[in-house]
Amino acid sequence: MPSEKILAAKKQVVADLVAEFKEAKSFVFVSTRGLTVAQDTELRNELRKNNVKFKVVKNTTLRLVFKELGIEGLDDTFVGPTTVAYSNDIVAPAKIVCKFADQIEVMEVKSGIIDGKAASKDEVVALSKVPDVTTLYSQVVYGMLFPMTKLAMLVKAVAEKAQEEGGVAAPATEAPAEAPAEVEAPAEA
């Protein structure tokens, strides 16, 4: 049986991780066994640039932490070596980890947590394919402007076709030949 001092230290580790993980919006759990030092360094540098934290944590500790956070459905994930990438950015951990998992054969995405709910490997991979915020904004703006742009192009094409066919002039307003005579007001009786 572990001593009280060891148990207190383990409880403190769990409490610290709970406090740290409460702030994160997404987690990606990955197996990194077999990575070379160069691959691990490159991965960690890329994660650091994007404000994503990356830690190797014991599975029993992870179970306790996520039980404390009220997130269930991760028992199958916490088997074998587990590394966790997490951030306040929902997309960044999935995007970076999945990019490296595609390039490095020994690296495997296990599952994740997206906005407080357990997510399968497929859901994490799908999240990694979401474009960045700048691209999403440009797609929204393009979607809003496209109908107006298309209408302007159609109007221009119609006008050009009309000019080619001999020019359809705008109807002119003709002035009346004679000005109407003034109408007299009826006499009062």
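The values are calculated or read from the model by the stated rules, or taken from the named source; none is laboratory data. Note that the coordinates shown come from a computational prediction; the quantities given were computed from them, not determined experimentally. Because the Cβ atoms are built from the backbone with ideal geometry, glycine has one as well, and the counts that use them run over all protein chains shown. Side chains included, ligands, DNA and RNA excluded: accessible areas come from the protein's heavy atoms. Shrake-Rupley method; radii C 1.70, N 1.55, O 1.52, S 1.80 Å.
Tally the residues that are in a helix (DSSP H, G or I) and either open to solvent by 50 Å² or more (accessible area, probe 1.4 Å) or among the polar types (S, T, N, Q) (or both), restricting the search to segment 21-42. Lay out the reasoning, then the answer.
Of all residues in segment 21-42, those in a helix (DSSP H, G or I) come to 21-22, 37-42.
Applying the additional criterion that residues be either open to solvent by 50 Å² or more (accessible area, probe 1.4 Å) or among the polar types (S, T, N, Q) (or both) yields 22, 37-39, 41-42.
Qualifying residue count for the region: 6.
Do you know which residues across segment 72-85 are over 17 Å from ASN45 (Cβ atoms) and at pLDDT 90 or above?
Our first condition is that a residue be over 17 Å from ASN45 (Cβ atoms); within segment 72-85, this holds for 72-82, 84.
The one that is over 17 Å from ASN45 (Cβ atoms) and at pLDDT 90 or above: VAL84.
So, in segment 60-92, of the ones that are farther than 22 Å from SER128 by Cβ and of a type in the set (Ser, Thr, Tyr), which residue ends up surrounded by the most Cβ atoms within 10 Å (Cβ to Cβ)?
Of all residues in segment 60-92, those farther than 22 Å from SER128 by Cβ come to 60-61, 63-65, 67-70, 72, 75, 79.
From what is left, the residues that are of a type in the set (Ser, Thr, Tyr) are 60-61.
Numbers: THR60: 11, THR61: 15.
Step by step, filter segment 60-92, then rank; the result is THR61.
Go through segment 96-109 and count every residue that is in a helix (DSSP H, G or I) and either open to solvent by 50 Å² or more (accessible area, probe 1.4 Å) or in contact with an Asp or Glu (Cβ under 7 Å, 6 or more places away or on another chain) (or both).
5
Could you run through segment 63-90 and say how many residues are within 17 Å of SER120 (Cα to Cα) and either in a helix (DSSP H, G or I) or of a type in the set (Ser, Thr, Tyr) (or both)?
The number of residues fulfilling the criteria is 6.
Out of the residues in segment 110-152 that are in a helix (DSSP H, G or I) and in contact (Cβ under 8 Å) with a residue 60 or more places away in the chain, state the one that is surrounded by the fewest Cβ atoms within 10 Å (Cβ to Cβ). Outline the logic, then answer.
Going through segment 110-152, the residues in a helix (DSSP H, G or I) turn out to be 121-128, 133-152.
From what's left, in contact (Cβ under 8 Å) with a residue 60 or more places away in the chain: 124, 127.
Details: VAL124: 26, LEU127: 19.
By that ranking, first place goes to LEU127.
Looking only at segment 3-18, count how many residues are without any contact (Cβ under 8 Å) to a residue 12 or more places away in the chain and either open to solvent by 60 Å² or more (accessible area, probe 1.4 Å) or in contact with a Pro (Cβ under 7 Å, 6 or more places away or on another chain) (or both).
6
With within 20 Å of VAL109 (Cβ to Cβ) and more than 25 Å from the chain's Cα centre (by Cα) as the only criterion, which of LEU74, LEU43, LEU62 stands out? Show your work before the answer.
Numbers: LEU74 fails: more than 25 Å from the chain's Cα centre (by Cα); LEU43 fails: more than 25 Å from the chain's Cα centre (by Cα).
Among LEU74, LEU43, LEU62, only LEU62 is within 20 Å of VAL109 (Cβ to Cβ) and more than 25 Å from the chain's Cα centre (by Cα).
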